[in-house]
Amino acid sequence: MKVAMDGAKGYRRLIPSLTALVEFEAVARLRSFTNAASELGVTQAAVSRQIRLLEELLGVRLLDRLHRTTALTNEGEALYAVVSEAMGKIAGVFDRLSAGIEGNDELVLATTAAFSHFRLMPSLARLKRLQPNLRLRLTTTMFTADLRRNEVDVEVRWGNGNWSDGTAHLLFDEQVFPVCSPAWKDEYGAPGSLEELANMTLIAYDPTSEGWLTWEEWFRAIGAHSTKLNYGIRTCLYTDAIQAARLGQGVALGWGRLLHEHLASGELVRLTDASLPLRDAYYMVVPHGRAITPTIKTLMELLRTAAGVT
């Protein structure tokens, strides 16, 4: 009994104000004293007072006050990582207990529409067999969002793996090459040069925040210069461009890992041997303060296997 009391006194001595930690977490996540005060239902002055209390107790500056925003110092980042993890776990247990679903898992996953369509959906059935109690909530992103401001357990991102709001785990790299339907290739044949390829019916799509290469960028990177391109179809979405290629409407740029099933089944075929390996890759990003759960690990392995990664 004495040990338990000493332990409680010790925590109370080291963490004198849980209110200050709650308000610090809100400011750090929202990057705003005003928004934090609104979320918590208190005044901005009260939030500022709690942050000053923490800084005085710790003897360090946690936040830099900027014009209409805030930025975490190195010490603030260290404290936020621990506080957000602890509060996330507490909130998760409260949510499950109050909803009467303790014992079931919920995974909130953010990804782009194309990755969801081509890579995630084909793996869901197997994931559900392996995790029968899993409740999955998908959110489609058009832009890379700050994970510190979103209730997301994990996000799939395209990039170099260096992000300040989470820990990145490599899923797979990529290479891009021309693809078409087998019938289209049988009818028009394979080009003998990049110039011949440029004159074929190309399917273009608008470049977006997902990092999609345009045909112009691909030709330049592969070594073709001053090539005039022949576009037959332009689409807004990459998924529409691949659908057009599947239906024999022309040649699209194929991302090998993303379209692994389509290529393995023969629904799409490579038109040439020309291929561009990319420096960026797909990553699974877990927000700072969140644990890499067995469910996330299982999903990562399923996505790698489904993309042909051995």
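The values are calculated or read from the model by the stated rules, or taken from the named source; none is laboratory data. What you see is a predicted model; the values in this text were computed from it and never measured. Positions of Cβ are generated from backbone atoms using ideal geometry, with glycine treated the same way; all protein chains shown enter the neighbour counts.
A few notes on this one:
- Test: residue in the stretch 255-266 that is assigned to a strand (DSSP E or B), touching a residue at least 40 places away in the same chain (Cβ under 8 Å) and either touching a Leu at 6+ places or on another chain (Cβ under 8 Å) or basic (Lys, Arg) (or both): no
- Pick from the stretch 1-29, criterion modelled with pLDDT of 85 or more and of a type in the set (A, V, I, L, M), ranking: surrounded by the fewest Cβ atoms within 10 Å (Cβ to Cβ): 22
- From 272, 298, 310, 293, residue being surrounded by fewer than 14 Cβ atoms within 10 Å (Cβ to Cβ) and of a type in the set (Ser, Thr, Tyr): 310
Quick grid of which residues meet (1) in the same structural domain as residue 192 (by TED's automatic domain parsing); (2) assigned to a helix (DSSP H, G or I); (3) modelled with pLDDT of 95 or more:
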| residue | (1), (2), (3) |
| --- | --- |
| 239 | yes, yes, no |
| 245 | yes, yes, yes |
| 252 | yes, no, yes |
| 273 | yes, no, no |
| 286 | yes, no, no |
| 292 | yes, no, no |
| 298 | yes, yes, no |
| 303 | yes, yes, no |
| 308 | yes, no, no |
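- Only residues that are within 32 Å of the chain's Cα centre (by Cα) and aliphatic (A, V, I, L, M) were counted across the stretch 25-74, and they come to 14.
- Pairs with Cβ under 8 Å, 6+ apart, first in the stretch 178-190 and touching a residue at least 12 places away in the same chain (Cβ under 8 Å) and surrounded by 15 or more Cβ atoms within 10 Å (Cβ to Cβ), second part of a strand (DSSP E or B) and not aliphatic (A, V, I, L, M): 178/254; 178/270; 179/254; 179/270
Condition check ((1) exposed (fewer than 14 other Cβ atoms within 10 Å of the Cβ); (2) modelled with pLDDT of 85 or more; (3) outside any helix (DSSP H, G or I)) across all residues:
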site: 36; (1), (2), (3): no, yes, no
site: 55; (1), (2), (3): no, yes, no
site: 70; (1), (2), (3): no, yes, yes
site: 77; (1), (2), (3): no, yes, no
site: 84; (1), (2), (3): no, no, no
site: 103; (1), (2), (3): yes, no, yes
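- Close pairs (9 angstrom Cβ cut-off, 6 or more residues apart or separate chains): under 19 Å from residue 258 (Cα atoms) and of a type in the set (A, V, I, L, M) in the stretch 142-169, loosely packed, with under 15 Cβ neighbours inside 10 Å and at pLDDT below 75 anywhere: 142/209
- Conditions (1) at pLDDT 85 or above; (2) touching a helix residue (DSSP H, G or I) at 6+ places or on another chain (Cβ under 6 Å): number failed by residue 107: (1)
- Residue in the stretch 224-233 that is touching a helix residue (DSSP H, G or I) at 6+ places or on another chain (Cβ under 8 Å), of a type in the set (Ser, Thr, Tyr) and crowded, with 18+ Cβ neighbours inside 10 Å present: no
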